[in-house]
Ligand SMILES: *Cc1c(COP(=O)(O)O)cnc(C)c1O
């Protein structure tokens, strides 16, 4: 029996998804592939709230997170940092040789739009990165407020990571004027890792056209040229794309609004369990993200012992904190294909294990 993963990525992949992935290969320049690729666009565009293409990148999300910096940063990028992934993005910008400024917020705090405006007003920037749902701290930043500020600065291209929010809460790329929207397969889409999604505005592509050093693998213009033929620049992870096709059908069947409602309901369920056991949410409640909960380990539970017991007795695991929050927080995912039944089962298991460990 496989272990059910309640860590916030990778998460549990359903058997029907695995079955959908187990199909014969097709040539990535074949008509069959073009039909498959094109069939995915409406579903992906709907979730992203965009009329722009959604490119498929055979990489984890970091591939396109790094690639986007290379495609749009000519002058300087403002990196908003409020957790492990957004902190790392600043590091990655520097490793790409880009001029970058770190706009730091305490871990567990959302990105503050006023602080963003203050920094952009210096006029040094032509790009900004921030993470909608900072998975390391379970914090959801106010997307519409931040993008409203960025729109005040027409030269600034926005790169927004929605890796752990995509399909859990509404995201309207076009209405918010987001230039580059990024997601990945192994979070709420409940696929195995290895596929990243990237939607790029026309003005971001125009910027890319003026820049050298974009490389090949993550070049926006290569993605676009191939997209126009219903293809990807290089041989894609076709099995994952079969899985994506299956998941998009599933999302269509459930209805996107029902999907958001399910994520909210299951998220609240886990949140109430945590409160009942005396754990505070790590971020302020109103900024808690909806695909997972990050709790402060206020009762000093031995999280390694908890996970060991969860795994051996209930074939499940949660996350014992990420980066500098290891041991100080724990995170429980409710993303993807979870249901009331699976979350109720998890809560029963958590109750048993936490009680046995003195909490
Ligand atoms: C998981 C995650 C990433 C990194 O994704 P990889 O697939 O490991 O590259 C980036 N950003 C956020 C917010 C994430 O949750």
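Since every read-out is calculated from the coordinates, none of them should be taken as a lab result. If you're wondering where the values come from, they're calculated on a predicted model, not measured in any experiment. Backbone-built Cβ (ideal geometry, glycine too); neighbour counts: all protein chains shown.
Which order do peptides 282-292, 12-22 fall in by mean Cβ count within 10 Å, highest first? Please report the intermediate quantities before stating the final value.
Details: 282-292: 20.5, 12-22: 16.4.
Averaged packing, sorted descending, gives the order 282-292, 12-22.
Compute the angle between helix 303-314 and the longest alpha-carbon principal axis of the chain, please, reported from 0 to 90 degrees and rounded to the nearest 10.
Helix 303-314 sits roughly 80 degrees off the main axis of the chain.
Given q = 0.08 Å⁻¹, what are the Debye log10 I(q)/I(0) values for the chain, with equal point scatterers placed on the Cα positions and solvent ignored?
Each listed q corresponds, in turn, to -0.38.
Over region 15-252, what relative contact order in percent results from Cα pairs under 8 Å that are six or more residues apart?
The value is 29 percent.
What's the exposure ranking of 200, 116, going from fewest to most Cβ atoms within 10 Å? Show your work: numbers first, answer last.
On the way: 200 31, 116 24.
Lowest count first: 116, 200.
So what's the convex hull volume per residue for the Cα atoms of region 211-359, in Å³?
184
Can you tell me how region 1-100 classifies by the Cα gyration tensor, rounded, prolate or oblate, using a/c under 1.5 as the rounded cut? Can you show the working numbers first?
On the way: a/c = 2.36, a/b = 1.45, b/c = 1.63.
Judged from the Cα gyration tensor, region 1-100 comes out oblate (a/c at least 1.5, b/c at or above a/b).
Taking the simple approach of a point 7 Å from Cα along Cα-to-Cβ for both residue 355 and residue 311, what is their distance in nm?
In this crude spin-label approximation the distance works out to 2.4 nm.
Once the Cβ-Cβ distance between residue 258 and residue 23 is put in as r, and R0 is 35 Å, what FRET efficiency do you end up with, to the nearest 0.05?
For residue 258 and residue 23, the calculated efficiency is 0.80.
Using a basic spin-label model with each label point 7 Å from the Cα along Cα→Cβ, how many nm lie between residue 211 and residue 99?
Inter-label distance under the simple model: 1.4 nm.
Subtracting the Cα-Cα distance from 0.36 nm times the residue separation, let me have the gained length for residue 202 to residue 144 in nm, one decimal.
18.9 nm
If I fit a long axis through the Cα atoms of helix 84-95 and take the longest principal axis of the Cα atoms of the chain, what angle between them do I get, 0 to 90°, rounded to 10?
30
At what distance in angstrom do the alpha carbon centres of region 265-284 and region 19-96 lie from each other?
Each part reduced to its Cα centre gives a spacing of 32 Å.
Along each of the three principal axes of the Cα atoms of region 170-248, give the extent in whole Å, ordering the values from largest to smallest.
Projected onto the principal axes, the Cα atoms of region 170-248 cover 37, 31, 21 Å.
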